[in-house]
């Protein structure tokens, strides 16, 4: 850590300040509108939560309002699949950054159906295939895993979003069928996509998300319950993947500017892991041209800069 | 840092151990042979050096034998260009990982002559153009900069390698002319390539390299001389770029496995930055299929694992 | 025509000669084996038929044995869709050669879901979508159209092949879903693929095929029945498309060497149109590395060279 | 031929009509302006010439004004290289259409430096390399060849255009160096580019061009002089290549609509070969979005449609 994080008291007031600044700032883009259920979200929502390793929770704004976690669910999926499968997982999905956004499908073609990493859609679909193939009811297993991680039994998928995603998921279907043609999908494609869209449609608040991912900042042990979620090596690996590939085609810029493992979703959420300190989650629906939530990214950036948090010093 | 680095005494014996293991290990690939001057290098050379922030130097094997630094020179070039130019540099070269190795030229075409980052060849050629355009004698300025960083006035370019590179540099010429056709090269292409091949052909030892890059582990201040080489933000940025893009198409795997900012060169060298601790440089000429020196990568990996060094914890 | 075609008597004996040569020649490749139903075909079958504009039929070898027409069906599909739809068809599929075989999916991505021409799979799937959207029962309409063209009511789809294709059609499903994500598929993808695989699985003999396509050599009028199948401009257009794009990534070479509009299928058939003269169909299952039937291509080539048939003189 | 070509008298009045229509039509684009020497051309020039096999010449408009032949020179280069080299030429350049315009450099990368055909820039540069390697003075040989073909000793390169091309030829330099890195260029790149830009900068009139290419419509024999320029097979091959690849990424559309072997240049010229009849050359500088001269293409299209000329009937 570049400096000692400031006191909790300062932390809360800093969060209030960041939310106030965000509310004044330009939205920086449009709310995701590829499905009606997402387009209806209030563009003015702004929330942030920090959960420290000792369990202290700081919040500001709409930090307790659930939203569609979308691609942030890829972290849960990966952690669960790493738990269920040995290192042969990495023969089916690589651990390299993906370069241009445009070429997800070009890259799959070139690299024979092996996605570059588990945080691009193709990679998350392979992970979803691992889960559907290894659980009799992968959707139930998934939601229970998430509920346990954030100690909130009320977590559930939003069925409107889930159904909408399935209706508008032609591009993901193309990726899945292309990988199946290369032999990299075991279950049936509709079943895999059903799981994938289910996990994307889970709704959680900033507090839920920050609490659920504490184990990544704590070498695999969940701070609240002291339960081991994964071994220290797996936590390290997930953080490394988040650092190189968690922010779409803005991952390099985020490392360059902020320097924290992070993952965003088109629902407007973003989480960032601060090893040995805690997890931050910010939320603001409008997305910038890279598909990242502009004001939420800015809140995380300011929080990290002002507290001197960065893994690259 | 995951744990407190062990004592210096242990460090030296660990380095001896790593060199002994490397000498017994399979070379893991072939020595670069695209130019005769590189192909003549003794494949059995193995060296490692660690320079800590307090100036302590640990070495083992051929740690004082100069070798062709090749792409490691891209760090010096970038640091010098960042010193000479403001943030408009980042309009000419991006900060994103590059994805597939194959598509350096595809990406340049798609992204209108703007390279993905300064550690792929196209990006380093843009940096070389910045230097040739801003110095009356960029080659002299470059070598003096490096000499000062490692406090070794004997550092120089190997003219055999330099000439050889120029004769075999058709692919780099293609990249440079393509970027010039998009307006992203100001100087004449032959002049830019002359500088680029010059800096690649500089010869340095493991000790020279580890000492020269100490400022990256020390927020921009060179440990030996206490001179400020760059501001803390620039050091952070270079470390972030090294973390996402320093190891060719193995950058993600290196982050995943080791978790340190690092850069390799086809001369067989690799440096890794450990923030707040120091810099490691290992050398072993044979290259794996990604163009990284297999045994040198393994030495760094083992050093980091045994001492618990990783920025991702 | 470069020279006056020789007498019918000579034509028949030439065909016998070509079949004898083909039987002696190396198969030049393997029988398509991506589905069991095709892999079972006798690799030694060799047949050829020529149907002239006056109705004269010349045959040799297995010219009356039905085989899976596969991609030759794309001609029937296109002719039927051009009949049912105005020139807005060409906003949904282009008329340009496709370049590299590998990049069917790359090209679709780059060109926003608009396939290059109706003879690559993606283009034929768009044509199948036109048919499924415009007929209450497109499969019935299709087979009746073909039966009428070759005056053979016995023509039918091979249900083993049809079902097999559907099970192994993941790559075509990927193309279809990608195009649907760009809005270029109206019907449901499973319905479109069902039609597409149905038409591929129709079985016809060399005589059937040569007879059915006579209208392309006769400005749109079917020689046998004197019925107008399409206008002269449409026949011209189909011949032009066959000339630039009918032979996969060997289309240029076939124009260069032979110079006739032609279409091959992975069932081992190939048809070639000789304007103002007639249609040739040859069959031999083993495929070369471009997916074209090696010995059948050679028979057509020799026939054209010996009779001096070429549109390019 | 679809119909008997009309009488010469009618032909001349048809040409006058076409020129009058062209003068009234929208220019359909901009004059090439990537070099000043081309940008200065009068956008209003319109000319057309038809040279029949018996030597009859029909003209209208600016048919005797010389203009920069640019890519039309690729036909002369290819014919000369085919004369100097056996079929191993086709191991260095293929005969397949090239697909997307954008990917000239992508394709070269993917296909290891072997261009798709001799009418894209990369292919013409390989041809230029053949000529520079086989002639002590390839530029002199080239211009003499062209002078002889059109029986006009005054033909020469425009040195302003030639020098301008060299200054703005970075993209062609990129192609050439990339091919050299794959071993597909023998001579030095600057020498090859010098030849290439020289041949592009030759100035000829519509009458010169139509007369010079008569051998392509006459099985290799130059109509005026009865000299054999090449064998019938070579004339066939060039016509086939022109048919599939002569009109950039509009080649398929031109085959579809017109159906004649043709080649355009960014100087605004286009030639079309009518086997057994003659050669047409039209000129109008403004270029459409494919880089083809819009009004010149339209004049050729109308000429072919009204006389019923097409190789695909």
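What to note about this one:
- Exam field: residue A:188 pseudo-label spacings to other copies (7 Å along Cα-Cβ), nanometres: 1.3, 6.8, 6.8
- Take the Cα of residue D:25, step 7 Å toward its Cβ, do the same at residue C:160, and the gap between the two points is 5.6 nm.
- Summary for residue A:227: label point 7 Å along Cα→Cβ; distances to the equivalent points in the other copies, ascending, 5.6, 7.1, 9.0 nm.
- Mean projected area (nm²) of the alpha-carbon convex hull when region D:181-233 is viewed from all directions: 5.7
- Computed over chain D, Cα set: Rg, Dmax in Å: 18.0, 55
- Cα-only Debye scattering, region A:98-145: base-10 log of I(q)/I(0) at q = 0.22, 0.27, 0.29 Å⁻¹: -0.74, -0.91, -1.00
- Choice from C:239, C:121, C:170 showing the highest fluctuation, given a GNM over chain C with Cα pairs closer than 10 Å: C:170
- Other-copy label distances relative to residue C:55, 7 angstrom Cα-Cβ extension, nm: 4.9, 9.6, 10.7
- Across D:57, D:126, D:207, mean-square fluctuation computed from a Gaussian network of chain D (C-alpha pairs under 10 Å connected) peaks at D:57.
- Expressed as a fraction of 2.2 N^0.38 Å, the value expected for a compact globular protein of N residues, the C-alpha radius of gyration of region B:72-200 is 1.01.
- Quotient of C-alpha Rg and 2.2 N^0.38 Å, computed over region A:221-313: 1.06
- For region C:208-259, fraction of C-alpha pairs farther apart than 13 Å, in %: 59
- Note on chain D: GNM, Cα springs under 10 Å; of D:261, D:97, D:285, the largest mean-square fluctuation is that of D:97.
- Look at C:156, C:236, B:159 and count the other Cβ atoms within 10 Å of each Cβ; fewest to most, that gives B:159, C:156, C:236.
- Calculated FRET value between residue D:228 and residue D:306, using beta carbons and R₀ = 35 Å, to 0.05: 0.60
- Counting neighbouring Cβ atoms within 10 Å and putting the fewest first, the residues A:200, D:206, B:11 line up as B:11, A:200, D:206.
- Note on the protein assembly as shown: Rg/Rh from Cα positions, Kirkwood definition for Rh, rounded to two decimals, is 1.01.
- Helical runs (DSSP H, four residues minimum) scored at -39500 (n - 2.57) apiece and divided by the length of chain C put the mean residue ellipticity at 222 nm at -14000 deg cm²/dmol.
- Using R0 = 35 Å, the C-beta based FRET efficiency linking residue C:168 and residue C:140 works out to 0.90.
- Ranking of A:125, D:114 by neighbouring Cβ atoms within 10 Å, starting from the fewest: D:114, A:125.
- Length-normalised contact order for region C:94-200 - Cα pairs under 8 Å, 6+ apart - percent: 34
- Rel. contact order, % - alpha carbon contacts under 8 angstrom, at least six apart, chain D: 28
- Principal axis dimensions, region A:113-263 - Cα atoms, whole angstrom, descending: 40, 37, 26
- When both region D:250-313 and region C:49-117 are represented by their alpha-carbon centers, they are found 25 Å apart.
- For the rotation that carries chain A onto chain B, the axis lies closest to a Cβ at A:99, 1, where the number is the distance in whole Å.
Every read-out reported here was derived from the displayed coordinates using simple, explicitly stated rules and does not represent laboratory data. None of these values were measured; they are calculated from a predicted model. FYI the Cβ positions are ideal-geometry reconstructions off the backbone, even for glycines, and counts take in every protein chain you see.
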